[in-house]
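Shown next, in C-alpha coordinates, is the structure this report addresses.
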Amino acid sequence: MSKFKKKKGGELPAISTASLPDIVFMLLFFFMVATVMRDSTLMVKNQLPAADQIQKLDKKDRVMYIYAGEPSSRYTDKYGTQARIQLNDKFATVSEVGAFVLSERASKRQELQNVLTTSLKVDGDTKMGLITDIKQELRKVNALKLNYTTRVGDYSQNID
Amino acid sequence: MEDVLDPPIIKERNIFSVVVNKFNQLLVEEKPLELAQLREEAVKFLDNGGGKGEEACSYCLGKRNSDSSDNPEKAVISLKNDRETDYKVYIAVQNELVAAYNDLRDREFTRLFPNESMSFVEANKKYSDPRTSPDEKSRLNPKLGEIKLMYPQKLSEAEPSKTN
(Lines give C-alpha, C1' and ligand atoms only; values in the text may rest on other atoms or scores of the structure.)
Protein backbone atom coordinates (compact mmCIF):
# COMPACT_ATOMS: atom_id res chain seq x y z
CA MET A 1 0.00 0.00 0.00
CA SER A 2 2.54 2.44 1.10
CA LYS A 3 5.12 3.37 -1.42
CA PHE A 4 8.01 2.71 0.85
CA LYS A 5 8.37 -0.78 2.06
CA LYS A 6 9.75 -1.21 5.47
CA LYS A 7 13.13 -2.84 5.46
CA LYS A 8 13.36 -6.14 7.15
CA GLY A 9 15.26 -5.56 10.38
CA GLY A 10 18.02 -7.71 11.78
CA GLU A 11 19.87 -8.95 8.70
CA LEU A 12 23.16 -7.22 8.11
CA PRO A 13 24.65 -7.23 4.66
CA ALA A 14 27.75 -9.44 4.31
CA ILE A 15 30.97 -7.58 4.89
CA SER A 16 32.89 -7.05 1.75
CA THR A 17 36.15 -9.00 1.78
CA ALA A 18 37.56 -7.26 -1.24
CA SER A 19 40.07 -5.30 0.86
CA LEU A 20 41.25 -8.27 2.88
CA PRO A 21 44.31 -8.98 0.68
CA ASP A 22 45.27 -5.32 0.96
CA ILE A 23 45.26 -5.53 4.71
CA VAL A 24 47.17 -8.79 4.76
CA PHE A 25 49.83 -7.43 2.44
CA MET A 26 50.08 -4.22 4.38
CA LEU A 27 50.76 -6.17 7.56
CA LEU A 28 53.17 -8.50 5.78
CA PHE A 29 55.19 -5.62 4.36
CA PHE A 30 55.14 -3.78 7.65
CA PHE A 31 56.67 -6.72 9.48
CA MET A 32 59.13 -7.39 6.69
CA VAL A 33 60.40 -3.84 6.95
CA ALA A 34 60.29 -3.51 10.72
CA THR A 35 61.85 -6.83 11.70
CA VAL A 36 65.47 -6.91 12.75
CA MET A 37 67.20 -10.24 12.90
CA ARG A 38 68.82 -10.71 16.26
CA ASP A 39 71.90 -12.82 15.87
CA SER A 40 71.96 -14.25 19.34
CA THR A 41 69.60 -14.26 22.25
CA LEU A 42 71.11 -13.05 25.46
CA MET A 43 71.26 -15.62 28.18
CA VAL A 44 73.21 -13.50 30.62
CA LYS A 45 72.43 -10.33 32.48
CA ASN A 46 73.91 -7.54 30.42
CA GLN A 47 73.80 -4.24 32.22
CA LEU A 48 76.75 -2.59 30.49
CA PRO A 49 78.94 -0.17 32.45
CA ALA A 50 78.83 3.52 31.55
CA ALA A 51 81.67 5.48 29.97
CA ASP A 52 82.03 8.72 28.05
CA GLN A 53 85.45 8.49 26.37
CA ILE A 54 84.16 6.21 23.70
CA GLN A 55 84.52 5.54 20.01
CA LYS A 56 82.10 4.00 17.61
CA LEU A 57 82.86 0.72 15.91
CA ASP A 58 81.82 1.39 12.35
CA LYS A 59 82.69 -1.85 10.62
CA LYS A 60 80.31 -4.37 12.08
CA ASP A 61 81.46 -7.21 9.83
CA ARG A 62 84.87 -7.33 11.49
CA VAL A 63 83.59 -7.67 15.01
CA MET A 64 82.88 -10.78 17.03
CA TYR A 65 81.07 -10.60 20.29
CA ILE A 66 81.73 -12.31 23.58
CA TYR A 67 79.09 -11.90 26.26
CA ALA A 68 79.63 -12.47 29.95
CA GLY A 69 77.68 -11.98 33.13
CA GLU A 70 75.37 -13.69 35.54
CA PRO A 71 72.93 -16.09 33.84
CA SER A 72 69.56 -14.38 33.46
CA SER A 73 66.72 -15.37 35.75
CA ARG A 74 65.40 -18.11 33.43
CA TYR A 75 68.68 -19.97 33.66
CA THR A 76 69.69 -19.42 37.25
CA ASP A 77 68.18 -22.65 38.56
CA LYS A 78 70.15 -24.59 35.97
CA TYR A 79 73.41 -22.67 35.84
CA GLY A 80 73.55 -20.85 39.17
CA THR A 81 74.43 -17.23 39.69
CA GLN A 82 78.15 -17.42 39.03
CA ALA A 83 79.11 -15.22 36.07
CA ARG A 84 79.40 -17.15 32.81
CA ILE A 85 80.57 -16.58 29.28
CA GLN A 86 78.14 -16.75 26.41
CA LEU A 87 79.40 -17.52 22.92
CA ASN A 88 76.79 -17.37 20.16
CA ASP A 89 73.77 -19.08 21.69
CA LYS A 90 75.21 -21.15 24.48
CA PHE A 91 77.11 -20.90 27.69
CA ALA A 92 80.80 -21.65 27.46
CA THR A 93 83.82 -22.07 29.66
CA VAL A 94 86.94 -19.98 29.44
CA SER A 95 88.82 -22.70 27.57
CA GLU A 96 86.29 -22.60 24.71
CA VAL A 97 86.98 -18.94 23.93
CA GLY A 98 90.08 -19.72 21.88
CA ALA A 99 88.27 -22.24 19.68
CA PHE A 100 85.39 -19.81 19.25
CA VAL A 101 87.71 -17.06 18.05
CA LEU A 102 89.45 -19.39 15.61
CA SER A 103 86.16 -20.61 14.15
CA GLU A 104 84.83 -17.06 13.86
CA ARG A 105 88.04 -16.02 12.17
CA ALA A 106 87.80 -18.89 9.72
CA SER A 107 84.24 -17.92 8.83
CA LYS A 108 85.23 -14.41 7.76
CA ARG A 109 86.58 -13.35 4.40
CA GLN A 110 90.30 -13.82 3.95
CA GLU A 111 91.16 -10.14 3.88
CA LEU A 112 89.29 -9.51 7.11
CA GLN A 113 90.86 -12.33 9.06
CA ASN A 114 93.73 -10.24 10.33
CA VAL A 115 91.74 -7.16 11.24
CA LEU A 116 89.08 -8.72 13.43
CA THR A 117 88.13 -7.02 16.66
CA THR A 118 86.81 -8.89 19.65
CA SER A 119 84.09 -7.02 21.43
CA LEU A 120 83.43 -7.78 25.07
CA LYS A 121 79.88 -7.16 26.17
CA VAL A 122 80.19 -7.78 29.85
CA ASP A 123 77.82 -7.06 32.68
CA GLY A 124 79.08 -4.38 35.05
CA ASP A 125 78.91 -6.57 38.13
CA THR A 126 81.22 -9.25 36.73
CA LYS A 127 84.50 -9.72 38.53
CA MET A 128 87.73 -8.86 36.72
CA GLY A 129 89.03 -12.40 37.21
CA LEU A 130 86.76 -13.75 34.48
CA ILE A 131 87.66 -10.93 32.12
CA THR A 132 91.35 -11.47 32.69
CA ASP A 133 90.91 -15.16 31.93
CA ILE A 134 89.12 -14.28 28.68
CA LYS A 135 91.88 -11.87 27.77
CA GLN A 136 94.54 -14.50 28.41
CA GLU A 137 92.70 -16.90 26.11
CA LEU A 138 92.41 -14.23 23.44
CA ARG A 139 96.11 -13.57 23.70
CA LYS A 140 96.85 -17.25 23.13
CA VAL A 141 95.04 -17.19 19.78
CA ASN A 142 96.56 -13.83 18.90
CA ALA A 143 93.27 -11.93 18.96
CA LEU A 144 94.81 -8.75 20.26
CA LYS A 145 92.29 -6.16 19.14
CA LEU A 146 89.89 -5.78 21.97
CA ASN A 147 86.92 -3.56 22.49
CA TYR A 148 84.88 -3.04 25.64
CA THR A 149 81.29 -2.25 24.81
CA THR A 150 79.71 0.26 27.16
CA ARG A 151 76.71 2.49 27.20
CA VAL A 152 77.07 6.24 27.06
CA GLY A 153 77.08 7.86 30.46
CA ASP A 154 79.17 9.37 33.17
CA TYR A 155 81.68 7.12 34.93
CA SER A 156 80.17 7.94 38.31
CA GLN A 157 77.15 5.78 37.43
CA ASN A 158 79.44 2.80 37.85
CA ILE A 159 80.06 3.44 41.52
CA ASP A 160 77.23 2.63 43.82
CA MET B 1 107.68 -12.61 18.79
CA GLU B 2 109.20 -15.84 19.93
CA ASP B 3 112.39 -14.58 21.54
CA VAL B 4 112.09 -13.49 25.08
CA LEU B 5 113.09 -9.89 25.36
CA ASP B 6 114.26 -8.33 28.53
CA PRO B 7 111.65 -5.91 29.79
CA PRO B 8 112.77 -2.36 29.16
CA ILE B 9 114.03 -0.50 32.17
CA ILE B 10 111.65 2.27 33.12
CA LYS B 11 112.52 4.68 35.85
CA GLU B 12 110.24 4.71 38.86
CA ARG B 13 109.37 8.35 38.38
CA ASN B 14 108.09 7.65 34.88
CA ILE B 15 105.54 5.14 36.10
CA PHE B 16 102.15 6.19 37.40
CA SER B 17 100.84 3.21 39.27
CA VAL B 18 97.12 2.66 39.70
CA VAL B 19 96.01 -0.31 41.77
CA VAL B 20 92.40 -1.30 42.34
CA ASN B 21 91.68 -3.71 45.16
CA LYS B 22 88.85 -6.16 45.63
CA PHE B 23 86.74 -3.58 47.45
CA ASN B 24 86.99 -1.36 44.37
CA GLN B 25 89.23 1.12 46.14
CA LEU B 26 91.99 2.96 44.34
CA LEU B 27 95.61 3.24 45.30
CA VAL B 28 97.38 5.76 43.10
CA GLU B 29 101.13 6.27 43.54
CA GLU B 30 100.97 4.48 46.90
CA LYS B 31 98.20 6.75 48.17
CA PRO B 32 94.46 6.10 48.38
CA LEU B 33 92.52 8.26 45.97
CA GLU B 34 88.92 8.85 44.97
CA LEU B 35 87.98 8.01 41.40
CA ALA B 36 86.83 11.58 40.89
CA GLN B 37 90.39 12.85 41.33
CA LEU B 38 92.05 10.25 39.12
CA ARG B 39 91.79 12.21 35.90
CA GLU B 40 93.35 15.30 37.43
CA GLU B 41 96.20 13.31 38.97
CA ALA B 42 96.88 11.48 35.72
CA VAL B 43 96.98 14.76 33.80
CA LYS B 44 99.41 16.19 36.36
CA PHE B 45 101.65 13.17 35.95
CA LEU B 46 101.58 13.07 32.15
CA ASP B 47 101.99 16.79 31.78
CA ASN B 48 104.76 17.12 34.36
CA GLY B 49 107.69 17.40 31.95
CA GLY B 50 110.45 17.22 34.54
CA GLY B 51 113.14 16.11 32.09
CA LYS B 52 116.29 18.12 31.45
CA GLY B 53 118.25 18.70 28.24
CA GLU B 54 117.26 16.27 25.53
CA GLU B 55 114.44 14.88 27.59
CA ALA B 56 112.83 18.21 28.24
CA CYS B 57 109.24 18.70 27.16
CA SER B 58 108.68 22.07 25.53
CA TYR B 59 104.87 21.97 25.45
CA CYS B 60 104.19 20.56 28.91
CA LEU B 61 102.49 22.90 31.34
CA GLY B 62 103.08 20.83 34.46
CA LYS B 63 105.06 21.60 37.58
CA ARG B 64 108.32 20.07 36.28
CA ASN B 65 108.63 18.09 39.44
CA SER B 66 111.80 15.97 39.40
CA ASP B 67 109.95 13.08 41.14
CA SER B 68 107.36 12.80 38.40
CA SER B 69 107.54 11.96 34.71
CA ASP B 70 110.31 13.31 32.44
CA ASN B 71 108.09 13.82 29.42
CA PRO B 72 104.85 12.37 28.03
CA GLU B 73 106.85 10.16 25.67
CA LYS B 74 108.37 8.34 28.64
CA ALA B 75 105.41 8.44 30.98
CA VAL B 76 103.70 5.10 31.46
CA ILE B 77 100.50 4.47 33.35
CA SER B 78 100.45 1.08 34.98
CA LEU B 79 97.08 -0.36 35.93
CA LYS B 80 96.69 -3.35 38.16
CA ASN B 81 93.44 -4.97 39.20
CA ASP B 82 92.43 -7.55 41.66
CA ARG B 83 90.55 -10.59 40.38
CA GLU B 84 87.64 -9.54 42.57
CA THR B 85 87.45 -6.00 41.19
CA ASP B 86 84.14 -5.18 39.54
CA TYR B 87 84.24 -4.80 35.77
CA LYS B 88 82.32 -1.53 35.93
CA VAL B 89 84.95 -0.01 38.21
CA TYR B 90 87.68 -1.18 35.85
CA ILE B 91 85.84 0.51 32.98
CA ALA B 92 85.45 3.67 35.05
CA VAL B 93 89.19 3.73 35.77
CA GLN B 94 90.05 3.08 32.12
CA ASN B 95 87.61 5.79 31.15
CA GLU B 96 89.25 8.33 33.42
CA LEU B 97 92.76 7.45 32.26
CA VAL B 98 91.77 7.72 28.61
CA ALA B 99 90.01 10.97 29.49
CA ALA B 100 93.27 12.32 30.90
CA TYR B 101 95.04 11.61 27.60
CA ASN B 102 92.14 13.07 25.66
CA ASP B 103 92.13 16.25 27.74
CA LEU B 104 95.81 16.83 27.03
CA ARG B 105 95.44 15.97 23.36
CA ASP B 106 92.48 18.32 23.08
CA ARG B 107 94.51 21.09 24.63
CA GLU B 108 97.43 20.65 22.25
CA PHE B 109 95.19 20.20 19.23
CA THR B 110 93.37 23.47 19.81
CA ARG B 111 96.68 25.20 20.51
CA LEU B 112 98.46 23.95 17.37
CA PHE B 113 95.53 23.95 14.98
CA PRO B 114 93.20 26.73 16.07
CA ASN B 115 91.86 26.98 12.53
CA GLU B 116 90.27 23.55 12.76
CA SER B 117 87.87 24.91 15.38
CA MET B 118 87.33 21.47 16.88
CA SER B 119 88.95 19.37 19.57
CA PHE B 120 91.16 16.33 19.10
CA VAL B 121 88.34 14.01 20.06
CA GLU B 122 86.00 15.60 17.54
CA ALA B 123 88.65 15.49 14.85
CA ASN B 124 89.34 11.86 15.61
CA LYS B 125 85.65 11.05 15.45
CA LYS B 126 85.42 12.83 12.13
CA TYR B 127 88.42 10.91 10.87
CA SER B 128 86.95 7.52 11.75
CA ASP B 129 83.53 8.42 10.37
CA PRO B 130 83.03 6.57 7.06
CA ARG B 131 81.03 9.50 5.69
CA THR B 132 84.03 11.83 5.81
CA SER B 133 85.58 12.36 2.38
CA PRO B 134 89.03 10.85 1.68
CA ASP B 135 90.46 14.34 1.10
CA GLU B 136 89.35 15.45 4.52
CA LYS B 137 90.74 12.27 6.04
CA SER B 138 94.17 12.65 4.49
CA ARG B 139 94.19 16.25 5.67
CA LEU B 140 93.35 15.31 9.26
CA ASN B 141 95.58 12.26 9.50
CA PRO B 142 99.00 13.98 9.89
CA LYS B 143 97.58 16.43 12.41
CA LEU B 144 96.11 13.66 14.51
CA GLY B 145 99.34 11.70 14.22
CA GLU B 146 101.36 14.64 15.44
CA ILE B 147 99.22 15.08 18.52
CA LYS B 148 99.28 11.36 19.22
CA LEU B 149 103.07 11.49 19.16
CA MET B 150 103.08 14.36 21.63
CA TYR B 151 100.96 12.43 24.12
CA PRO B 152 101.29 8.75 23.21
CA GLN B 153 98.85 6.54 25.06
CA LYS B 154 101.00 4.25 27.16
CA LEU B 155 98.70 2.25 29.34
CA SER B 156 100.13 -0.91 30.76
CA GLU B 157 98.02 -3.56 32.39
CA ALA B 158 99.60 -5.91 34.85
CA GLU B 159 98.44 -9.41 35.61
CA PRO B 160 95.84 -9.18 38.34
CA SER B 161 96.71 -10.18 41.84
CA LYS B 162 95.09 -13.20 43.42
CA THR B 163 92.81 -12.52 46.31
CA ASN B 164 93.97 -14.12 49.48
So how exposed is A:Thr126, as accessible area in Å² (1.4 Å probe, rounded to 10)?
10 Å²
Considering the dipole of the protein assembly as shown built from charges on the beta carbon (Lys and Arg +1, Asp and Glu -1) around the Cα centre, which of B:Tyr151, B:Leu26, A:Gly69 is farthest to its positive end?
A:Gly69
Computed over chain B, protein heavy atoms only, probe 1.4 angstrom, the accessible area per residue in square angstrom equals 57 Å²
Degrees separating the helix B:87-112 axis from the principal Cα axis of chain B, which is the longest one:
30 degrees
Calculate for the protein assembly as shown the 222 nm mean residue ellipticity that helices alone would give, adding -39,500 (n - 2.57) per DSSP H run of length 4 or more and normalising by residue count, nearest 500 deg cm²/dmol.
-10500 deg cm²/dmol
Find the relative contact order for chain B and round it to a whole percent, using C-alpha pairs within less than 8 Å whose residues are 6+ positions apart.
24 percent
Name the long-range amide H neighbours of A:Ser72: under 5 Å, sequence gap of 5 or more, or other chain; modelled H, no Pro or chain starts.
A:Val44, A:Lys45
The correct ranking of A:Asp52, B:Asp70, A:Asp89 by accessible area at 1.4 Å, largest first, is A:Asp89, A:Asp52, B:Asp70
Under 1.5 on a/c is rounded, so check that first for segment B:1-109, then, if it is not, pick prolate when a/b is larger than b/c and oblate when it is not; a ≥ b ≥ c are the square roots of the alpha carbon gyration tensor eigenvalues.
oblate
By a straight-distance test (C-alpha under 15 Å), which aspartates and glutamates pair with B:Lys52 as possible cross-link partners, with residues fewer than eight away in the same chain excluded?
B:Asp67, B:Asp70, B:Glu73
Could you tell me how many degrees, from 0 to 90 and to the nearest 10, lie between the Cα long axis of helix A:96-107 and the main elongation axis, the longest principal axis, of the Cα atoms of chain A?
60 degrees
Pairs over 22 Å Cα to Cα, from A:Lys56/B:Lys148; B:Lys11/B:Lys154; A:Lys127/B:Lys154; A:Lys60/A:Lys108; B:Lys80/B:Lys125, come to A:Lys127/B:Lys154; B:Lys80/B:Lys125
Please report, as a whole percent, how much of the solvent-accessible surface of the protein assembly as shown comes from carbon and sulfur atoms (probe radius 1.4 Å).
54 percent
Could you work out how far helix A:128-140 tilts from the main Cα principal axis of chain A, as a 0 to 90 degree angle to the nearest 10?
80 degrees
Mean per-residue count of partner chain Cβ within 10 Å for A:119-126 equals 3
Test of understanding: in a Gaussian network model of chain B with alpha carbons linked when under 10 Å, which of B:Thr110, B:Thr132, B:Thr85 would top the mean-square fluctuation ranking?
B:Thr132
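The values are calculated or read from the model by the stated rules, or taken from the named source; none is laboratory data. Bear in mind the structure is a predicted one, so any value in this text is a computation, not a measurement. Note that we place each Cβ from the backbone using ideal geometry, even for glycine, and neighbour counts take in every protein chain shown. SASA here: full protein model, heavy atoms, side chains in, ligands and nucleic acids out. Shrake-Rupley method; radii C 1.70, N 1.55, O 1.52, S 1.80 Å.
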